[in-house]
Amino acid sequence: MKMWMVVALILAMVGFMGIVVWSTLQGAEVECVVCMEFRGEEVCRAGRGADELEARQAAQESVCGGNVSGMAEIIQCRNAQPLSTQCSAP
């Protein structure tokens, strides 16, 4: 493959990724940080959404997504009360 084709392919991939990130962040008007206790540890994650409810849900999904295993734990985590929630408009 010629060098210019490799460069063009890399630039196209970077451009596509930039568009995806940009379009994802366009709808986000509120950012929330949610802290939850799971297995004795406090875990905090941020989430963004069009309103406060969506931002809180996104943050809680982020906390639950990386710290649980199995459907029962995911449901339990999603239904749990956060230790703290802080929201702000970016």
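All of the numbers you see were taken from the coordinates with simple rules; none came from a lab. Predicted model, so just to flag it, every value in this text is computed and none were measured. When we count neighbours, we look across all protein chains shown, and the Cβ atoms used for this are built from the backbone with ideal geometry, even at glycine.
Listing for the model above:
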| read-out | value |
| --- | --- |
| Residues (in contact (Cβ under 8 Å) with a residue 40 or more places away in the chain and either more than 19 Å from THR24 (Cα to Cα) or in contact with a His (Cβ under 9 Å, 6 or more places away or on another chain) (or both)) located in the stretch 45-80 | CYS77, ALA80 |
| The stretch 11-38, subset in a loop (DSSP other than H, G, I, E, B) and of a type in the set (Gly, Ala, Ser), residue farthest from ALA80 (Cα to Cα) | GLY27 |
| Total residues in the stretch 39-89, condition assigned to a loop (DSSP other than H, G, I, E, B) and either surrounded by 14 or more Cβ atoms within 10 Å (Cβ to Cβ) or β-branched (Val, Ile, Thr) (or both) | 3 |
